[in-house]
Amino acid sequence: MQTEKKTVRLFLAIALIGAAIGFSNCADDKKTDLTPIAALLALAGSGPADLPQPVDGTAIMKLGTETLVLTNQQLCVSGVGGVIVQMVDADNLPILNIHNINFAQTTTHTLGEGGSALDIDTAGGVYGAGTNNVRGTCTATVKETSATIFDLQALNCPITKQFAASNIPDTTLSFRVRCRR
């Protein structure tokens, strides 16, 4: 569902930009002006900016508008255990958990339904990929994988509460975790 919305929005944006370029080049003296096309090509390659590379064994996490640095790596193993990184404070929250992850997969990972389990423990409840209390997915990109490091990033992932009893609003999650194996 989320992918369909993004595809429709992208198509509409390209169509509107194309129409604007066509109309702006209607005058005779503008027939060979390629500036709008160059600008369109420059914009086409730009997406959300990567998060900065965190220190080994830590994660940078944006939960809604709040940016947090999780400095306590609990686990970094391929498979069921996965990646667990948390805060170092009184309650150790939030905690970023990614379970059932395959470090041999070197491009992208699906997080959520049908992929690696994603849950973010917060004081108010547990978040997972999805919207409107319906579990969903998002994509994370492998930034680096080696014998000693696994670096994974997700940008603007929609997240929702995982349990009806939680009183937490839907929000977005971006993270970059760089765990030491």
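Regarding region 150-167, can at least one residue be identified that is among the acidic types (Asp, Glu) and modelled with pLDDT under 95?
Of the residues in region 150-167, the ones among the acidic types (Asp, Glu) are 151.
Still in the running and modelled with pLDDT under 95: none.
Looking for residues that are among the acidic types (Asp, Glu) and modelled with pLDDT under 95, one finds none in region 150-167, hence no.
Consider region 129-165. How many of its residues are out of contact with any helix residue (DSSP H, G or I) (no Cβ under 9 Å at 6 or more places or on another chain) and closer than 20 Å to Leu51 by Cβ? Spell out the reasoning first.
Keep residues of region 129-165 that are out of contact with any helix residue (DSSP H, G or I) (no Cβ under 9 Å at 6 or more places or on another chain), which gives 129-130, 132-135, 139-157, 159-165.
This time we only want the ones that are closer than 20 Å to Leu51 by Cβ, so: 129, 139-146, 149-157, 159.
Result for region 129-165: 19.
Against the conditions (1) in contact with a Ser or Thr (Cβ under 8 Å, 6 or more places away or on another chain); (2) of a type outside the set (S, T, N, Q); (3) at pLDDT below 95; (4) surrounded by 10 or more Cβ atoms within 10 Å (Cβ to Cβ), where does Gly22 fall short? Just the number, please.
(1)
Those residues that are of a type in the set (Val, Ile, Thr), touching a Pro at 6+ places or on another chain (Cβ under 9 Å) and farther than 16 Å from Val85 by Cβ, I need them from region 121-152; list them, please. Full working, then the answer.
Of all residues in region 121-152, those of a type in the set (Val, Ile, Thr) come to 122, 126, 131, 134, 137, 139, 141-142, 145, 148-149.
If we keep only those that are touching a Pro at 6+ places or on another chain (Cβ under 9 Å) too, we end up with 122, 131.
Within region 121-152, just Thr131 meets the criteria.
Which one is nearest to the chain's Cα centre (by Cα), of the residues in region 146-161 that are closer than 17 Å to Gln73 by Cα and either surrounded by 12 or more Cβ atoms within 10 Å (Cβ to Cβ) or not assigned by TED's automatic domain parsing to the domain that holds Val134 (or both)?
Restricting to residues being closer than 17 Å to Gln73 by Cα and either surrounded by 12 or more Cβ atoms within 10 Å (Cβ to Cβ) or not assigned by TED's automatic domain parsing to the domain that holds Val134 (or both), the top hit is Gln153.
Quick grid of which residues meet (1) under 15 Å from the mean Cα position of the chain (by Cα); (2) surrounded by 14 or more Cβ atoms within 10 Å (Cβ to Cβ); (3) not in a loop (DSSP other than H, G, I, E, B):
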{"position": "Leu51", "(1), (2), (3)": "yes, yes, no"}
{"position": "Asn92", "(1), (2), (3)": "no, no, no"}
{"position": "Leu96", "(1), (2), (3)": "yes, yes, yes"}
{"position": "Ala104", "(1), (2), (3)": "no, no, no"}
{"position": "Thr110", "(1), (2), (3)": "yes, yes, yes"}
{"position": "Gly114", "(1), (2), (3)": "no, no, no"}
{"position": "Tyr127", "(1), (2), (3)": "yes, yes, yes"}
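What residue, among those in region 54-69 that are without any contact (Cβ under 8 Å) to a residue 60 or more places away in the chain and not in a loop (DSSP other than H, G, I, E, B), is surrounded by the most Cβ atoms within 10 Å (Cβ to Cβ)? Step through it out loud before you land on a result.
The first filter runs over region 54-69 and keeps only residues without any contact (Cβ under 8 Å) to a residue 60 or more places away in the chain, leaving 65-69.
Next, from what is left, pick out any that are not in a loop (DSSP other than H, G, I, E, B): 66-69.
On the way: Glu66: 9, Thr67: 11, Leu68: 15, Val69: 13.
Restricting to residues being without any contact (Cβ under 8 Å) to a residue 60 or more places away in the chain and not in a loop (DSSP other than H, G, I, E, B), the top hit is Leu68.
Among the numbered conditions (1) within 14 Å of the chain's Cα centre (by Cα); (2) hydroxyl-bearing (Ser, Thr, Tyr); (3) under 26 Å from Gly57 (Cβ atoms), tell me where Thr137 comes up short.
In the conditions (1) within 14 Å of the chain's Cα centre (by Cα); (2) hydroxyl-bearing (Ser, Thr, Tyr); (3) under 26 Å from Gly57 (Cβ atoms), Thr137 misses (3) alone.
Hey, could you check region 148-175 for residues that are in a loop (DSSP other than H, G, I, E, B) and touching a Lys or Arg at 6+ places or on another chain (Cβ under 6 Å) and say which is nearest to Gly130 (Cα to Cα)?
Here is the first cut: in region 148-175, the residues in a loop (DSSP other than H, G, I, E, B) are 148, 162-170.
This time we only want the ones that are touching a Lys or Arg at 6+ places or on another chain (Cβ under 6 Å), so: 148, 168.
Values: Thr148: 31, Ile168: 13 Å.
Out of the qualifying residues, it is Ile168.
The values are calculated or read from the model by the stated rules, or taken from the named source; none is laboratory data. Remember, it's a predicted structure, so these values are computed and weren't measured experimentally. A quick note on method: Cβ atoms are made from the backbone with ideal geometry, for glycine too, and the neighbour counts reach across all protein chains shown.
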